[in-house]
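Right, one structure below, let's go through it.
The values are calculated or read from the model by the stated rules, or taken from the named source; none is laboratory data. Keep in mind the model is a prediction, meaning the values are calculated, not measured. Don't worry about glycine lacking a Cβ; one is built from the backbone with ideal geometry, like all the others, and counts go over all protein chains shown.
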């Protein structure tokens, strides 16, 4: 699948060389550049594989935000029903 597929399917402005911020809950923000697309995922800096709609902020060349895919509710807490079900409770 291609970068065009990712843009069309997920409605994101992803392009090779584009700067992004990855906001992994509980960690520092990672800033990098999109290097390629494989399957339905983006490769960032040639080593990090990310889903195009998960916790990514797409940035224009001048640093303005083009699209912010972070959840408006924020990360789930460890006590949420989803996390509890994953632990077998």
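The figures follow:
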{"quantity": "Any hit, the range 73-86, residues being part of a loop (DSSP other than H, G, I, E, B), at pLDDT 95 or above and surrounded by 13 or more Cβ atoms within 10 Å (Cβ to Cβ)", "calculated": "no"}
{"quantity": "Selected residue (criterion: farthest from residue 8 (Cα to Cα)) from residues of the range 18-38 that are in contact with a strand residue (DSSP E or B) (Cβ under 9 Å, 6 or more places away or on another chain) and not in a strand (DSSP E or B)", "calculated": "29"}
